[in-house]
Amino acid sequence: MARPEKIRLGDLLVQQNLITAEQLKNALDEQKRTGRKLGRVLVDSNFVTEEGISTALARQLGADFIDLRQFTPKPEYLNLLPESQARRLRAMVLSERNGLLLVGMSDPTDLAAFDDITRQLKREIDLAVVTESQLISSIDRAYTRTAEIHGLAKELTAELSDMPSEFGNLLGLTAGAEDAPVVKLLNSVFEEALKLRASDIHVEPQENALLIRFRIDGVLHIQTEADTKISTAVVLRLKLMSGLDISEKRLPQDGRFNITLRNETIDIRISTMPTQYGESVVMRLLAQNTGLLHLDRLHMPPNILERFRHAINRPSGIVLVTGPTGSGKTTTLYAALNALNTPEKKIITVEDPVEYRLPGINQVQVHEKIDLTFSRVLRSALRQDPDIVLIGEMRDQDTAEIGMRAAMTGHLVLSTLHTNDALSTPIRLLDMGVPRYMVALSIQMVLAQRLVRLICTNCATPYTLLPQEHLWLKNELGEHVNNHSYKHGKGCSHCANTGYQGRQAVYEMLEMTNALVEAVNRGDPNEFMSLGRQQMAGNTLRHDAVRLVLAGLTTVEEAMRISTQLDE
């Protein structure tokens, strides 16, 4: 393609009736005042959309406009332009067409960038126009650090073999720590995990390799396999970062540390555990600047949200949130605290660990090694005149009884419990040895939840149910199963070809009515279960998952997975 002609963007948009002359004048004045690009000023001022600008430029140049949300760049062409250059030049090599390299540019009026791209590629190019926001998102997704991480792991292996006497340099204990091999390796791992929205990083020494895996949307994916020789160096560096005892390799340890990546502060909780081939490390990544969720952003069904708000605004009693590990219980409780946190109320939390720092709230970290247990902290907390107490988890009979006594003496208590569903929660507390009268009188309501993966919006397509899926859904919907359309994600670069991107909770709620309280007091579990099922009919976790299926937000496969977990 020939070198593009010089284009005056403002005049072009006025000519194509996308903006008015007055809007252009206002935008030019703002551009002079702030120094920002004219296109960005126009978009931020809501005079025109990014797609509108890109389409106008493409039309003027006789080039294609490509929607990168629907386009998967080919890896073999991406690497022709390194990531740093792609970001600087705002361009990506997308594929090859008619013997020319197809290059997407967000600003084809930047002739210097066009010349630089041509010079670097040393090939004739076919220009396409893309929006800047889509381009940046595509660069974030497409340029993975897998090769870089693998290369840094090899470099560390080689240095460990060649310079065992300079172990301190390798671990970043001396000056210039940022250039230490293990520091560079871990920085790349953290950056890749952040880019891929990983919630956890697993570092697992195997017999013949060090395995690094990311948990993304609840599912583990292998990131890289490295030589097992680097296991010790990686674990030692992580222990140093989190202030753990580097000489202790026989016992599990827990800690935390902060890192800053792309102007974002990430709080990392770390857990080490001795295994057959070395110490296994799991790190939970918590972004500190994402802000607390509000209750109305948890996507609770309206009837459950209304009842939940009412429950947490009562002056006393216990509200329990239940579900397995990783089901979003803490997020729900923090959203509740966010709604309750006012200057008139004293709130104390007892957590292990403290996941997020909450301004205006007194948070206590449990520390078993110095006998700072849940029960001990709770006893002290109740002498601090709190209005609301959050207990991170009711792990044992002692903690549960103290929390329930607090609820019966004028405190609102929020806590979590590991149970399969809402209905089994009071029974679980009785099994723990908590007296029946405490369970009956203190529990106000139980909210159970699970996380389901959401269909990637960029590759969502109509889906024909498999026979077993049709049969399962028919049990839920009856003959109406054929009256709905269904979707799934076919897989694309946005979702790493999984078809899913992001997760959302499904909920069910049990309120302790007078009839349920009496059933607990009589010690009749069968009557309790029967009454509970009647109350929750049509409003269970399974029904909520089916609701998301019918809304086109998740797949039948995900709803069936939730159902299988509940039946276990």
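The values are calculated or read from the model by the stated rules, or taken from the named source; none is laboratory data. Computed from a predicted structure; not experimentally measured. No Cβ is skipped: glycine too gets one built from the backbone with ideal geometry, and neighbour counts run over all protein chains shown. Surface accessibility is based on the protein's heavy atoms, side chains included, excluding ligands, DNA and RNA. Shrake-Rupley method; radii C 1.70, N 1.55, O 1.52, S 1.80 Å.
Within segment 550-559, the only residue that satisfies the criterion of being in a helix (DSSP H, G or I), of a type in the set (A, V, I, L, M, F, W, C) and open to solvent by 50 Å² or more (accessible area, probe 1.4 Å) is LEU550.
Pick from ALA113, ALA56: which is open to solvent by less than 10 Å² (accessible area, probe 1.4 Å), touching a residue at least 40 places away in the same chain (Cβ under 8 Å) and assigned to a helix (DSSP H, G or I)?
On the way: ALA113 fails: touching a residue at least 40 places away in the same chain (Cβ under 8 Å).
ALA56 is the lone residue from the list that is open to solvent by less than 10 Å² (accessible area, probe 1.4 Å), touching a residue at least 40 places away in the same chain (Cβ under 8 Å) and assigned to a helix (DSSP H, G or I).
Within segment 505-524, if we keep just the residues that are loosely packed, with under 15 Cβ neighbours inside 10 Å and at negative phi, the residue that is farthest from the chain's Cα centre (by Cα) turns out to be ARG522. Of the residues in segment 350-368, at least one is modelled with pLDDT under 90 and part of a helix (DSSP H, G or I). Note on segment 246-277: among residues that are open to solvent by less than 60 Å² (accessible area, probe 1.4 Å) and acidic (Asp, Glu), the one that is farthest from GLU192 (Cα to Cα) is GLU248. The set of residues in segment 204-245 being of a type in the set (Ser, Thr, Tyr) and either open to solvent by 40 Å² or more (accessible area, probe 1.4 Å) or farther than 30 Å from GLU558 by Cβ (or both) consists of THR228, SER231, THR232, SER242. When we screen ARG533, ARG547 for residues that are more than 30 Å from THR464 (Cα to Cα), of a type outside the set (S, T, N, Q) and open to solvent by 60 Å² or more (accessible area, probe 1.4 Å), the only hit is ARG533. If I ask for residues that are without any contact (Cβ under 8 Å) to a residue 60 or more places away in the chain, in contact with a Ser or Thr (Cβ under 7 Å, 6 or more places away or on another chain) and not in a loop (DSSP other than H, G, I, E, B), which ones from segment 379-432 would you list? Within segment 379-432, LEU390, ILE391, ASP398, THR399, ILE402, ARG428 qualify.
For beta carbons closer than 6 Å, sequence separation of 6+ or different chains, a first residue in segment 321-338 that is free of Cβ contacts under 8 Å to residues at least 24 places away in the same chain and under 16 Å from ASN420 (Cα atoms) and a second that is open to solvent by 50 Å² or more (accessible area, probe 1.4 Å) and part of a helix (DSSP H, G or I), there are no qualifying pairs. Return yes or no: is GLY491 assigned to a loop (DSSP other than H, G, I, E, B) and either open to solvent by 70 Å² or more (accessible area, probe 1.4 Å) or modelled with pLDDT under 90 (or both)? The answer is yes for GLY491. Condition test on ASP245, is it in a strand (DSSP E or B) and under 26 Å from GLN365 (Cα atoms)? No, not satisfied.
Residue-wise test of (1) modelled with pLDDT of 90 or more; (2) on the phi > 0 side of the Ramachandran plot.
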{"site": "PHE167", "(1), (2)": "no, no"}
{"site": "PRO181", "(1), (2)": "no, no"}
{"site": "GLU192", "(1), (2)": "no, no"}
{"site": "ARG197", "(1), (2)": "no, yes"}
{"site": "PRO205", "(1), (2)": "yes, no"}
{"site": "ASN208", "(1), (2)": "no, no"}
{"site": "PHE214", "(1), (2)": "yes, no"}
{"site": "THR224", "(1), (2)": "no, no"}
